[in-house]
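A quick write-up on the structure given underneath.
The values are calculated or read from the model by the stated rules, or taken from the named source; none is laboratory data. No experiment lies behind these values; they were computed from the predicted model shown. Counting neighbours? That spans all protein chains shown, and the Cβs are built from the backbone with ideal geometry, glycine included.
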Amino acid sequence: MPTSVRCKIDDDPIWCYRWLLFRCPEIKHHAASRETILKIGRRVKMNGSAAPVVQFEHFYSYEEIDGFLRALATAFPDLCRVESIGKSLEGRDIHVLTLTDFASGSPEERPGYVLHAGIHAHELASAHAALHIAKRLLEDPTHQGLLNRVAFFILPRLSPDGSEFCLRTSTRIRSRTDFSNRDSNTVYPEDVNDDGQILTLRQEHPDGDFVADPADPRLLVQRRSDSPGPYYRTFPEGYIHDWDGNDRIRVAGFDAFLTHRPGITAGRSFDWNRNWSYGWRPEGEQQGAGDYPFSESAMRQFVKFLHRYPKIFGMVGYHCGHPSVIRPPASGSREELDADDDIALEELSQLGAQFTGFPALPLVKMHWAGRRDRGKGGHSLDFAYHHLGLLTVEIELGTVMNAAGLTTENYLSWTNQTDEDQWMRRLMDWWDNGEQRHPLFEPWQPFEHPQLGDVELGGFLYTVLDNPLLSKLPSTLEAAYQFTIAHARRHPWVVIEDFHIQRFEHSVYRIRLRIANRGDLPTHITNKGKSLRRLRPVETRFTPSHGVTMLSAAESQELGHLAAVTGSQIVEWFVSATEESGTRQLGELYISGGAGSDIKRTVEAPG
């Protein structure tokens, strides 16, 4: 960067503000002091690189996410680092972006906050949430000091392989599919007409489950006993592996989307949000669960990453389902949670609802009216609470149907397939009469399938159907960012207070201090956390310097966990340092603050 530009940033707050307004238009909404403006200015431009802009024109590819994260790390080298928690099966990095003030401490020493997205491959827009929040954390001056106290770990796409497949073909995959060991008489998704998309294949058949919707012939509705023909059977566009010519053709890769029709599914498809350890249920009971908890390599890498940072106090996941702030339990009932923790989780989910305007509810209740609360086994929400002791929620950003007027309350009031069919008609009408840039539905076109003969290809582009309308996302993501700030501020915070060193005769010193937690969470986060080895109690240790003798009984003291805001304990040591030693340095003080901050301090004799 030219010296003249650096000097202007350092010395001229008005010039700095104008420059920031050009680079960061969001700053015009905030009142910032001269010191804050200068600090943000140095963050943004000291190395001559501009921060990338979050675009809302299309879904992000793997290469675009990789470039965005590296551009952020280049623009904010003191606050941002991009790493990989491991490789996907196809060799792509599973990125993690660490945000904190590295100059004043390491991430391991600070309370940690995890934000993850893209565990479901077809929910492509969830990456927008991760990228927007990361950028705002780095550029927003209103959360002054938060990056000095908290380490943010942001994983924008946990399933890069599956997401690339969805993005490339306009189809849907839950997390990943396994097409290596193929079952006979099974359709495997593939672009058979070379148009770059995997659509829906429909074929007239006397035993077909569907008929054309009388209200909108583009749509297919469930066949009834009095339905006039023609009747259609449907498959994903693809080829039938090892087909013997019979009518019993199954579908691979879509079992997570066909839970109501288990008899037609085959092959292996994996839902990584059913592969967590708490409440895991085997395949057959829980679609996509995998062979055993954390059987999926990406999930093993993620959970190992989580256990690398024992100070993590909060975790939020982003998805693209019906708009909601969902909280534990994902299965079971609220009665299985600690009563005080249940209150805290409800308060947190309501806080999310306050910012987003989305309804808040336990995930176990997220289903059509009248259905049982069976819930979802092996889910991240239950794992985060029961196995990590965290207060956690997940935020569903919505789908294109919400832009057409569907609310989450509408969805939860559905009682049968007819209700869904009515909303699909409304969606098509809304799309037809809007000015949308991207197609939602491909008209049915005749095609000569090499195995099935005369068929039609068309139907929904699932990348559009399964995600929110990108043009509507900015305000939602800004609300999610504000919730992130409010949530992250509620961290444990261990500090030293009332620090005194008193000298007695014969060079004897008493070192006395108060160790306090002034954060909004206890150092064990939840009552559940008290029983978990991951959340270690607060400990303190004083190591005397060479020539200094410890007079107290022990160098280390375990203080247990400290309550939120008012939790504190006084500790003291007596040491002696002879004048002949010639040192003023009495020793090193180290405090391991549970899930709060760690503190290292050199202790010197007074005077």
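Structure notes:
Per-residue answers, yes or no, for (1) touching a residue at least 40 places away in the same chain (Cβ under 8 Å); (2) within 30 Å of ALA486 (Cα to Cα); (3) among the polar types (S, T, N, Q); (4) outside the structural domain of ARG334 (by TED's automatic domain parsing):
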site: THR526; (1), (2), (3), (4): yes, yes, yes, yes
site: LEU535; (1), (2), (3), (4): yes, yes, no, yes
site: PHE542; (1), (2), (3), (4): yes, no, no, yes
site: GLU558; (1), (2), (3), (4): no, no, no, yes
site: GLY567; (1), (2), (3), (4): yes, yes, no, yes
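- Qualifying residue in the stretch 473-494 (condition: assigned to a loop (DSSP other than H, G, I, E, B) and farther than 30 Å from GLY593 by Cα): no
- Conditions (1) assigned to a strand (DSSP E or B); (2) under 21 Å from HIS128 (Cβ atoms): number failed by TRP444: (2)
One line per residue, one yes/no per condition, for (1) under 29 Å from ASP191 (Cα atoms); (2) buried (at least 17 other Cβ atoms within 10 Å of the Cβ); (3) touching a residue at least 60 places away in the same chain (Cβ under 8 Å):
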{"position": "GLY389", "(1), (2), (3)": "no, yes, yes"}
{"position": "GLU396", "(1), (2), (3)": "no, yes, yes"}
{"position": "THR399", "(1), (2), (3)": "yes, yes, yes"}
{"position": "ASN416", "(1), (2), (3)": "no, no, no"}
{"position": "MET428", "(1), (2), (3)": "yes, yes, yes"}
{"position": "GLU435", "(1), (2), (3)": "yes, no, no"}
{"position": "PRO450", "(1), (2), (3)": "yes, no, yes"}
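- Condition check for SER175: in contact (Cβ under 8 Å) with a residue 12 or more places away in the chain, among the polar types (S, T, N, Q) and surrounded by fewer than 17 Cβ atoms within 10 Å (Cβ to Cβ): no
- Looking only at the stretch 136-149, residues that are part of a helix (DSSP H, G or I) and without any contact (Cβ under 8 Å) to a residue 60 or more places away in the chain come to 1 in all.
- Checking each residue in the stretch 563-607 for being touching a Pro at 6+ places or on another chain (Cβ under 6 Å) and farther than 22 Å from THR526 by Cα picks out VAL575, GLY587.
Matching residues to (1) at pLDDT below 95; (2) under 36 Å from the mean Cα position of the chain (by Cα); (3) part of a loop (DSSP other than H, G, I, E, B):
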{"position": "ASP191", "(1), (2), (3)": "no, yes, yes"}
{"position": "GLN197", "(1), (2), (3)": "no, yes, yes"}
{"position": "GLN203", "(1), (2), (3)": "no, no, no"}
{"position": "PRO206", "(1), (2), (3)": "no, no, yes"}
{"position": "ASP216", "(1), (2), (3)": "no, no, yes"}
{"position": "TYR232", "(1), (2), (3)": "no, no, no"}
{"position": "TYR239", "(1), (2), (3)": "no, yes, no"}
{"position": "TRP243", "(1), (2), (3)": "no, no, yes"}
{"position": "ASN246", "(1), (2), (3)": "yes, no, yes"}
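- Of all the criteria given as (1) buried (at least 16 other Cβ atoms within 10 Å of the Cβ); (2) in contact with a Gly (Cβ under 8 Å, 6 or more places away or on another chain), the one not satisfied by GLU190 is (1).
- Only one of SER225, SER163, SER180 that is of a type in the set (Ser, Thr, Tyr), exposed (fewer than 14 other Cβ atoms within 10 Å of the Cβ) and within 34 Å of the chain's Cα centre (by Cα): SER180
- Flag: PHE504 does not match the condition of being at pLDDT 95 or above, out of contact with any helix residue (DSSP H, G or I) (no Cβ under 8 Å at 6 or more places or on another chain) and not hydroxyl-bearing (Ser, Thr, Tyr).
- Entry remark, the stretch 324-336: residues being over 15 Å from the mean Cα position of the chain (by Cα) and either surrounded by fewer than 24 Cβ atoms within 10 Å (Cβ to Cβ) or farther than 15 Å from TYR385 by Cβ (or both) number 6 in total.
- Considering residues of the stretch 91-135 that are among the acidic types (Asp, Glu) and in a helix (DSSP H, G or I) only, the residue surrounded by the fewest Cβ atoms within 10 Å (Cβ to Cβ): GLU108
- Of the residues in the stretch 584-607, none is free of Cβ contacts under 8 Å to residues at least 12 places away in the same chain and not assigned by TED's automatic domain parsing to the domain that holds LYS311.
- Annotation: of all residues in the stretch 60-86 being among the charged types (D, E, K, R) and touching a residue at least 24 places away in the same chain (Cβ under 8 Å), the one that is surrounded by the fewest Cβ atoms within 10 Å (Cβ to Cβ) is ASP78.
- Considering PRO141, PRO160, PRO111, PRO156, the condition of being over 16 Å from PHE305 (Cα atoms) and modelled with pLDDT of 95 or more is satisfied by PRO160 alone.
- Test: TYR318 is among the hydroxyl-bearing types (Ser, Thr, Tyr) and without any contact (Cβ under 8 Å) to a residue 60 or more places away in the chain: no
For every residue, the table says whether it meets (1) within 17 Å of CYS166 (Cα to Cα); (2) at pLDDT below 85; (3) over 19 Å from the mean Cα position of the chain (by Cα).
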| residue | (1), (2), (3) |
| --- | --- |
| ALA252 | yes, no, yes |
| ASP255 | yes, yes, yes |
| LEU258 | no, yes, yes |
| PRO262 | no, yes, yes |
| THR265 | no, yes, yes |
| ASN275 | no, no, no |
| TYR278 | no, no, no |
| GLN286 | no, no, yes |
